[in-house]
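The values are calculated or read from the model by the stated rules, or taken from the named source; none is laboratory data. What you see is a predicted model, and the numbers here were worked out from it, not measured in a lab. Note that each Cβ is placed from the backbone with ideal geometry, even for glycine, and that neighbours are counted across all protein chains shown. Remember, those area values only see protein heavy atoms, side chains included, never the ligands or the DNA or RNA. Shrake-Rupley method; radii C 1.70, N 1.55, O 1.52, S 1.80 Å.
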Amino acid sequence: RTGDMQTILDDHTLSHAYMEHIANLLHQVFKYASEYDIIDKDYSKFIRITKAEDDEAGIPFTREEIQTLWQNADRVPYADTVLILIYTGWRISELLSMHTENVSLSAWTMTGGVKTAAGKNRTVPIHSGIKHLVQHYHKPGKPFFINNPNNDRAMTKTAYYRLFDNVLTECRITTRHTPHDCRHTFTSLLDSAGANEVCIDRLVGHASKSLTKRTYTHKDMEELRAAVELIKIEPLE
């Protein structure tokens, strides 16, 4: 029953990602049981993960490290993708699975998202300072925004992690960052710039912590764009 499964998902000693795997397994088991008339009711529909979504630890990039990435954006392959991640807040899995058609150079938005209901199919405005970086990767006719350089398939996370590590090495950034640190950097930059908490939640795909904000507050695209533009991209030194 729902309560039996929910007890498992309420064990906060497990990571959020691990709980997602458990929840997915339970959904698949009940789907199978329903398909073959073993059960009459799918109790897995009522379970939910109660642990905070973004529990992966991370170290935001410093101002100096961001400057270094900008200084090497034209020289080091894929350094520009790290900057795109920093100024959009996408998870690496979200960026790599994003289709070209979901990146609009007319509206200057990117649409994608995975994991939770709040995170799926969300639209993030493209910061004016990275429009040229996005244009570089936007190739009509190619299925994915970030394509595997050898074919038209999506780049794998494993392949991107190797490229990401090479970017840090080539830029002489010694902090052991991961792509997820770019997401932490985005929220940190928004917070430091004074962005509205609801806008931050909407941009990164988090459910607002306040019921009132979840229910009654609507942030349209221009408000989200204004929040993103609060982040100042400083001139290269």
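A few remarks follow.
- Accessible solvent surface per residue of the chain, calculated while the other protein chains remain in place, 1.4 angstrom probe, Å²: 56 Å²
- Gain on full stretching of the segment that runs from Ala33 to Ser104 - 0.36 nm per residue minus C-alpha separation: 21.4 nm
- As a rough guide to protection, the peptides 155-163, 121-129 ranked by mean Cβ packing within 10 Å, highest first, stand as 121-129, 155-163.
- Over the chain, dividing the summed -39,500 (n - 2.57) contributions of all DSSP H runs of at least 4 residues by the number of residues returns a 222 nm mean residue ellipticity of -13500 deg cm²/dmol.
- Packing rank of 90-99, 185-194, where each peptide gets the mean count of other beta carbons within 10 Å, highest leading: 90-99, 185-194
- About the centre of its Cα atoms, segment 72-175 shows a dipole size close to 220 debye [charges on the beta carbon of Lys, Arg (+1) and Asp, Glu (-1) only; nearest 20 debye].
- Computed over the chain: relative contact order in percent, which uses C-alpha pairs under 8 Å that are six or more apart: 22 percent
- Net dipole in debye of segment 1-160 [+1 Lys, Arg Cβ; -1 Asp, Glu Cβ; about Cα centre; nearest 20]: 460 debye
- Shape of segment 80-159 from the C-alpha gyration tensor: rounded (a/c under 1.5, with a ≥ b ≥ c the square roots of its eigenvalues).
- Relative to the dominant Cα principal axis of the chain, helix 157-170 is inclined by about 30°.
- Relative to the dominant Cα principal axis of the chain, helix 179-192 is inclined by about 80°.
- For the chain, carbon and sulfur atoms together expose 51% of the accessible surface, with a 1.4 angstrom probe and every protein chain in place.
- Farthest toward positive dipole pole in the chain [+1 Lys/Arg, -1 Asp/Glu at C-beta], among Leu168, Leu203, Ser15: Leu203
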